[in-house]
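The values are calculated or read from the model by the stated rules, or taken from the named source; none is laboratory data. Everything numeric in this text was worked out from a predicted model, so none of it was measured. Reconstructed Cβ throughout: ideal geometry from the backbone, glycine too, with neighbour counts over all protein chains shown. Each accessible area value is taken on the protein alone, full model and side chains, heavy atoms only, with ligands, DNA and RNA left out. Shrake-Rupley method; radii C 1.70, N 1.55, O 1.52, S 1.80 Å.
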Amino acid sequence: MEIKQQNNEKNGIFEAFIDGNKAGEITYTWAGEGMFIVDHTGVEEGYNGRGVGKEILLNIVDYARKENKKIIPLCPFAKAQFDKNEDLRDVLK
């Protein structure tokens, strides 16, 4: 699985690709200098149940840690992952 990020001053997206095909995405919106809101997770038909959403979320957490940013998880999927995985919560606002 390959994860690509696109980012600008207002928002961004992490996209997952499997064998060159888009498998899923998580979008976010910047909420000031030091934090962003994860607002949507989507997994393409045929890729459900393959851990695509979780893999993208782990990449977002790594990005937040490297860039010293905090995350506000408004997306139900992201919120559930943070609730289940205590080791990810260090990046929460």
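Placing R0 at 25 angstrom, the Cβ-Cβ distance between ASN21 and ASP90 gives a FRET efficiency of 0.15 after rounding to 0.05. The separation of region 60-81 from region 1-31, counted between C-alpha centres, amounts to 13 Å.
Using only the Cα atoms of the chain, what semi-axes does the equivalent ellipsoid have when each is the square root of 5 times a gyration tensor eigenvalue? Give whole Å, largest first.
Numbers: eigenvalues 85, 45, 25 Å².
Taking √(5λ) for each eigenvalue gives 21, 15, 11 Å, largest first.
Label-to-label distance for MET1 and LYS66 is 1.7 nm, based on points extended 7 Å past Cα in the beta-carbon direction.
Mean residue ellipticity, 222 nm, helices only, the chain: the sum of -39500 (n - 2.57) across DSSP H runs of n ≥ 4, divided by residue count and rounded to 500, is -8500 deg cm²/dmol. Over the chain, with every protein chain in place, what whole percent of the accessible area is carbon and sulfur at 1.4 Å, could you tell me? Ligands and nucleic acids excluded, carbon and sulfur reach 44 percent. In a simple Cβ point-charge model (Lys, Arg +1; Asp, Glu -1; nothing else charged), the chain has a dipole of about 260 debye relative to its Cα centre.
Between the residues ASN48, PRO73, GLY12, the greatest Cα displacement towards the positive end of the dipole of the chain, with unit charges on the Cβ of Lys, Arg, Asp and Glu, is found for PRO73.
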